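S.K.: I'd like to ask you about the structure that follows.
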Amino acid sequence: MDRPQRRIDSVSDALVEQLSPSIKAFNTPQGFEELYRTTFPRVYAYVASLLRDRSAAEDVTAQAFERAYRKRSGFSARRGTPEAWVFGIARNAALDELRRRSRGAVLAADAADVWSPGPDEEAERAFRREEVRAALASLDPRDRDLIALKFAGGLSNAEIARVLRLSESNVGTRLHRAVERLRKACRE
Amino acid sequence: MNEETTVSLIDAALASGAATALDPEERALQELVLTVRDDAPTPAADFRLRMDARVAAGFPPRRARRPRLFASAWQRPRLAALGAAASLLIAIVVAVAVLGGGDHSANVAAIPATHEPQRSAAGPVGSATAGSGSASSSASAAPRTSAHALGGTAGATLESAPADKAVAPSATPIEPPIPAPGPDTVRGGQSRKVQLSAALVLGAPQDKLGQVGDQVVAVTDRYGGIVMSSSVTDSGGVGASGYFDLRIPVRNLSAALRDLSQLADVESRTENSQDVTASFVSAHTRIQELMAERKGLLKRLANATTDNEVAAIKAQLRFVNSELNGATRQLQLLRRRTNLATVSVTLAVKKGHSGGAGGIGKGWHDLGRSLVDSASIGLRVLGVAIPIALLVALIWAANAWMLRRRREAALDRL
């Protein structure tokens, strides 16, 4: 890890200590349940965006939370916020799932399987959503991963930096480029 | 639109949940961000209920699990292969270390043999070779070397290096005397007579000098020997010493020397052998000749007819008898010399020991040796443990790196 990144980490650790007093209670079952309630929909949204398979997303999300529950005693504030830690576990589980798919006979999931638009959705908004989905699908997987962490996961740039093991400024740069590519894909 | 503006617009839209920018382009960006966020997949209600229940129950196991180690090997075959390779390497390292230690042990085990000098089994006579004149051989720190036997007036010398292993007088093992081969051992049909002698210099702590002297006498008695002379000077200082002139039956010489050597530290040990066969034969022949002459004189005396003749023969008989007595005494002396070995034992104060301080000095010495031994063992353990720890750390780091690479590669294949 380079020196600027170390400085960023130390600043982040200090912020975590100040802003997240619940970290110390995170090791208890009640503390973990609180973390689960705040992160579960976002973790699922991120994993589903990455895998684009509802069933697999459910399995991976459940697996990620179970793994986090078992390893919660080993969590350290040096690893960032608990949210970033859980997202890191979920990302590893999702990537392992992608590796298993690439290795063997796993049925290709329908990309639309993840999204389930309501019956009364307005046609224009539905059209807009399909347009954005198509644009997202055309992006580079790493850009999709970053956008999913930011928009579906709701993580801050510092938390994304923790998950992806990048510097925060690098995350900002990559996010800017990914959004620019998304906008361009939408216009096309 | 630069990076900073983009990031701030995104954060503002996500925080407020609305597109608030006035600039149309910036507003479009915020609307896009909100569209992506709002379009994020949501968990199904039944899945959410199941997860809520599982979290509340603390994730109870759903099915019987495979054993952890087996499951790990099953799920990560490469890791299992790496583990097997590491185990093999560790086994090789340990085997090499053990084999190396075995050689060292053998060397160490060989050392005590030099502390106990022993005469060769047959002594100078058993391995006798024809020769004449006088000769001697010396073998330092090689007490097991056979002494060369020599014909005529031959000699062999064995000297041992000063022993550095202290043997407490009280710990002297008492073993049954082992008869040594006699001096009449026949080689090539000729009976040889050998005169043996030995000299021992024993180093003992000053306060033990008297005790060692008593034990020298005890050993001599035990093997049927004679103390011809002895002196022990206890001046209470550096000049304390002792000297013993012993005669030990040749058949018991080896055992007696072994026991004497164990009374204290052997600072030097010398063994000599001198072939006196020629002198023995000469004396024997001389006796036979004198007896024959005497027999002849007796015959002549019986046949003598005149007084003068009788007187002359009697005078010759006296002379012959005198010669015969002298030759017989010489033969007896030679027999005595070949039957009893001359052993001189010199007692000296051991260097580094001075009276009562010897115990403390020895204690410090033992402490130092114990510390050196402990450090040696510790270094050996570290020598094995550090490479193994480094190897395990390397394997762990390599595995983590490979896993991360494979995961990122899976993302690329998406």
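Every number in this text was worked out from the coordinates using simple rules, so none of it is lab data. Bear in mind the structure is a predicted one, so any value in this text is a computation, not a measurement. All Cβ positions, even for glycine, are placed from backbone atoms using ideal geometry, and neighbour counts span all protein chains on display.
S.K.: Compare the peptides A:159-169, B:331-341 by average per-residue count of other Cβ atoms within 10 angstrom and give them in order, highest first. Before the final figure, lay out each step's value.
M.R.: Numbers: A:159-169: 20.0, B:331-341: 18.0.
The peptides rank, most packed first, as A:159-169, B:331-341.
S.K.: With a Förster radius of 56 Å, plug the Cβ-Cβ distance of B:SER322 and B:ALA199 into 1/(1 + (r/R0)^6) and report the FRET value to the nearest 0.05.
M.R.: On the way: r = 37 Å, r/R0 = 0.66.
Efficiency, rounded to the nearest 0.05: 0.90.
S.K.: A follow-up question, please. At a Förster radius of 25 Å, what calculated FRET efficiency corresponds to the Cβ-Cβ distance of B:ARG405 and A:GLU188, to the nearest 0.05? Can you show the working numbers first?
M.R.: Values: r = 33 Å, r/R0 = 1.32.
After rounding, the FRET efficiency stands at 0.15.
S.K.: Multiplying the sequence separation of B:VAL93 and B:VAL392 by 0.36 nm and subtracting their Cα-Cα distance, what value in nm do you get?
M.R.: Numbers: separation 299, 0.36 × 299 = 107.64 nm, distance 1.34 nm.
The span from B:VAL93 to B:VAL392 would gain 106.3 nm if fully extended.
S.K.: If you don't mind, there's one more thing I want to ask. Going toward the positive end of the dipole of region B:205-275, with +1 on Lys and Arg Cβ and -1 on Asp and Glu Cβ, which of B:SER229, B:LEU253, B:ALA218 do you reach last?
M.R.: B:LEU253
S.K.: Okay, moving on. Within a 10 angstrom radius of each residue's Cβ in A:57-66, how many Cβ atoms of other chains show up on average? Whole number is fine.
M.R.: Working: counts 4, 7, 1, 0, 3, 7, 0, 0, 4, 7.
Going residue by residue through A:57-66 and averaging, the value is 3.
S.K.: What average number of partner chain Cβ atoms lie no more than 10 Å from the Cβ of the residues making up B:261-271? Walk me through the numbers before you get to the answer.
M.R.: Values: counts 0, 0, 0, 0, 0, 0, 0, 0, 0, 0, 0.
Mean shielding count: 0.
S.K.: By count of other Cβ within 10 Å, fewest leading, how are A:TYR36, B:TYR243 ordered?
M.R.: Least to most surrounded, the residues fall as B:TYR243, A:TYR36.
S.K.: Now for a different question. Averaged over peptide B:40-53, how many Cβ atoms belonging to another chain are found within 10 Å of each residue's Cβ?
M.R.: Numbers: counts 14, 17, 7, 11, 5, 0, 1, 9, 4, 0, 2, 8, 4, 0.
For this peptide, the per-residue mean of nearby foreign Cβ atoms is 6.
S.K.: Turning to a different aspect of this structure: For B:MET228 and B:THR285, what is the calculated FRET efficiency with R₀ set at 22 Å and r taken between the beta-carbons, to the nearest 0.05?
M.R.: Working: r = 30 Å, r/R0 = 1.38.
Between B:MET228 and B:THR285 the formula returns 0.15.
S.K.: Sort B:GLU271, B:GLU31 by Cβ crowding within 10 Å, fewest neighbours at the top. Before the final figure, lay out the partial values.
M.R.: Details: B:GLU271 27, B:GLU31 15.
Arranged by neighbour count, lowest to highest, B:GLU271, B:GLU31 become B:GLU31, B:GLU271.
S.K.: Let me ask something additional. If I model a spin label at A:SER138 and A:ARG78 as a point 7 Å from the Cα along the Cα→Cβ vector, what separation in nanometres do I get?
M.R.: It works out to 4.5 nm between the two label points.
S.K.: Among B:LEU403, B:LEU260, A:LEU182, which comes first, second and so on when ranked by fewest other beta-carbon atoms within 10 Å? Could you put the intermediate results ahead of the total?
M.R.: Working: B:LEU403 17, B:LEU260 26, A:LEU182 23.
Neighbour counts put them in this order, fewest first: B:LEU403, A:LEU182, B:LEU260.
S.K.: So between B:ASP11 and B:SER191, what do we pick up on full extension, going 0.36 nm a residue minus the alpha carbon distance? Walk me through the intermediate numbers first.
M.R.: On the way: separation 180, 0.36 × 180 = 64.80 nm, distance 11.81 nm.
That works out to 53.0 nm of additional length.
S.K.: Which order do the peptides A:57-69, B:218-230 take when ranked by the mean count of other beta-carbon atoms within 10 Å per residue, highest first? It would help to have the intermediate numbers written out before the result.
M.R.: Working: A:57-69: 21.8, B:218-230: 16.1.
Descending packing order for the listed peptides: A:57-69, B:218-230.
S.K.: Once you have the Cα-Cα distance between B:ARG380 and B:ARG413, take 0.36 nm times their residue separation minus that, and quote the gain in nm to one decimal.
M.R.: Details: separation 33, 0.36 × 33 = 11.88 nm, distance 4.95 nm.
That works out to 6.9 nm of additional length.
S.K.: Convert each backbone phi in region A:123-128 into a coupling constant with the Karplus relation 6.51 cos²θ - 1.76 cosθ + 1.60 (shift: θ = phi - 60°), then list the ³J(HN,Hα) values in order as whole Hz, x for Gly and Pro.
M.R.: So the Karplus estimates, Gly and Pro as x, are 5, 5, 5, 5, 4, 4 Hz.
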